[in-house]
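Report on the following structure.
The values are calculated or read from the model by the stated rules, or taken from the named source; none is laboratory data. It should be emphasised that the depicted structure is a prediction, and the values quoted were computed from it without experimental measurement. Cβ coordinates were reconstructed from backbone atoms using ideal geometry, including for glycine residues, and neighbour counts include every protein chain displayed. Each accessible area value is taken on the protein alone, full model and side chains, heavy atoms only, with ligands, DNA and RNA left out. Shrake-Rupley method; radii C 1.70, N 1.55, O 1.52, S 1.80 Å.
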Amino acid sequence: MPTRLSLPDARLVFLNRQGLAAPPNRALGKAGLLRLIDDLGFVQVDSIQWVERAHHQILFARNQTYRPADLKALLEEDGALFEHWTHDASIIPCRFFKYWKHRFRWEEETIVARWQRWRGEGFHESFEETYARIREGGRVLSRDLKTDDHASGGWWNWHPSKTALESLWRMGRLAIAGRENFQKIYDLTERVIPAHHYEEEVSRADFIDWCCRAALERLGFATPGEIAAFFDLVTPEEAKAWLMENRDRLEEVLIDPGDGSRPRACHALAGFADSLSGLETPPARIRVLSPFDPLIRDRNRAHRLFSFHYRIEVFVPEPKRVYGYYVFPLLEGDRLIGRIDMKANRRAGSLDVRRFWLEPGLRASAGRMERLEAELVRQARFAGLQSVAWPDDARAPAPAISLPPV
């Protein structure tokens, strides 16, 4: 018998699985931070620092006792986390490293084929030259190798060194040992990843089983496409095959869209229905989410569950932007209620609000505005700013936009 969920109940499940229902002031510490990232599966990294970098904002949205120094220690000192690729660059628990070896092999095949088409023969020697430089000379930033480009001639003159470093990283031969002013520091993988994680191997079957099972644990319920897209490690076809092979250990879930249309069929792990009684209620406070927050990474899923259409407009030409270059979604309780355009003004020491929008039908009540202002104070303090600059004309009506089909 399928488990039927209303949209509010489906949102509650997803918010619990995504760490957004737990008390945000519960002491976290380094061990709690590692558990949080493990529960999320990964945390996306992005170079833009409009207020704070994406990975810091993702973690702070879930727990306001989060400290970036703890993340740095887990990454660079404790060997508990590593950086690699999911659907984008991400911070990942080191205990997952053995599964990423399957991605490394796929990346190597893809990169080798691409370089053969582009440069023909001879690129292997070029890659080995870069690898040997690090093996013998130790960890480097890309700028360290650029210093050698003009002196040595040869390969470095016909392709930027950064591409070689990034390729070797994607292939798993190099790892990120740390960052300096957000620039990656590369070293041999075996010198970065703890030996007990580096040496572990899993079969292809176990790899696919883990990918699908781990995705479902973190999504709560999902379609085959959503399962495959979560880590971006398996194909939808592999996810479908896994669902068929494990159908006796899964539950069917039907999500009622609430508009009279047909419920959406999803899958969940066995025991899902029993877990519904233990769900926490998200705090009523407003929270600013990063544009790369895992709650909204799958834009179609966010649209279905929250009736919230979001896209980041960094790469949209300015005249065509609906909201702005870098606009943050706002979560209130279990609803995405709007978005805000704000930026850290480091020179003035203030968090400058430019505009904010509530979703159609929502009011800027006194209580809601107090909650928003409290969140902006929290954001400012987290970013090391002393004040919030809030112009009187910041509020804007929600624009009329055409939502994509889902």
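If we sort 275-287, 6-18, 374-386 on the protection proxy, mean other Cβ atoms within 10 Å, highest first, what's the order?
6-18, 374-386, 275-287
Near Lys98, which aspartates and glutamates are there with a Cα under 14 Å away, not counting those fewer than 8 places off in the same chain?
Glu83, Glu190, Glu199, Glu200, Glu201, Asp206, Asp209
With a Förster radius of 25 Å, plug the Cβ-Cβ distance of Ala132 and Glu180 into 1/(1 + (r/R0)^6) and report the FRET value to the nearest 0.05.
The value I calculate is 0.65.
Given contacts defined as C-alpha pairs under 8 Å and at least six residues apart, what's the relative contact order of the stretch 167-297, whole-number percent?
Relative contact order of the stretch 167-297: 14 percent.
Between Arg247 and Arg347, 0.36 nm times their residue separation minus their Cα-Cα distance comes to what?
30.2 nm
Can you give me the long-range amide H partners of Arg354? Hydrogens built in the peptide plane at 1.01 Å from N, cutoff under 5 Å, separation of 5 or more residues or another chain.
So Arg354 has HN proximity to Asp341, Met342, Lys343.
Please identify the chymotrypsin sites (Phe, Trp or Tyr not before Pro) of the stretch 241-301 that satisfy two criteria: DSSP loop assignment and at most 15 other Cβ atoms within 10 Å. Which are they?
Sparse-neighbourhood loop chymotrypsin sites (Phe, Trp or Tyr not before Pro): none present.
Applying the Karplus parametrisation 6.51 cos²θ - 1.76 cosθ + 1.60 with θ = phi - 60° to the phi angles of the stretch 289-299, what ³J(HN,Hα) value in whole Hz is obtained for each residue in order, glycine and proline being reported as x?
9, 5, x, 9, 5, x, 4, 10, 4, 8, 4
If I stretch the segment between Lys101 and Arg114 completely, what's the gain in nm (0.36 nm per residue apart, minus their alpha carbon distance), one decimal?
Gain in length upon complete extension: 2.7 nm.
Using a probe radius of 1.4 Å on heavy atoms only, what accessible surface per residue do you get for the stretch 257-406? Whole Å² is fine.
For the stretch 257-406, the solvent-accessible area averages 51 Å² per residue.
What is the extension gain from Thr65 to Leu279, computed as 0.36 nm multiplied by their sequence separation minus the C-alpha to C-alpha distance, in nm to one decimal?
Gain on stretching Thr65 to Leu279: 74.8 nm.
Which peptide among 86-95, 166-175 comes first, and what is the full order, when sorted by highest mean count of other Cβ atoms within 10 Å?
166-175, 86-95
For Cα pairs less than 8 Å apart in space and 6+ apart in sequence, what is the mean separation divided by the residue count of the stretch 258-406, i.e. the relative contact order in percent?
Averaging sequence separation for qualifying contacts and normalising by length gives 20 percent for the stretch 258-406.
Give the average over all directions of the projected area of the C-alpha convex hull of the stretch 17-84, one decimal, in nm².
Over every viewing direction, the Cα hull of the stretch 17-84 projects on average to 4.5 nm².
What does the C-alpha gyration tensor say about the overall shape of the stretch 222-344? Classify as rounded when a/c is under 1.5, otherwise prolate if a/b is larger than b/c, or oblate.
Note, shape of the stretch 222-344 comes out prolate.
With θ set to phi - 60°, apply the Karplus curve 6.51 cos²θ - 1.76 cosθ + 1.60 along the stretch 80-93 and write out the HN-Hα couplings as whole Hz, x wherever there is a Gly or Pro.
Values, residue by residue: 9, 9, 9, 9, 7, 10, 10, 7, 7, 4, 8, 9, 9, x Hz.
Tell me the accessible surface of Thr65 in square angstrom (1.4 angstrom probe, heavy atoms of protein chains only), to the nearest ten.
Rounded to the nearest 10, that gives 40 Å².
Summarise the accessible area of the stretch 238-281 (1.4 Å probe, protein heavy atoms) by the percent that is carbon and sulfur.
Here it works out to 47 percent.
Under 20 Å from the 7 Å Cα→Cβ point of Asp206, by amide nitrogen: which residues of the stretch 85-114?
From the stretch 85-114, the list is 93-106.
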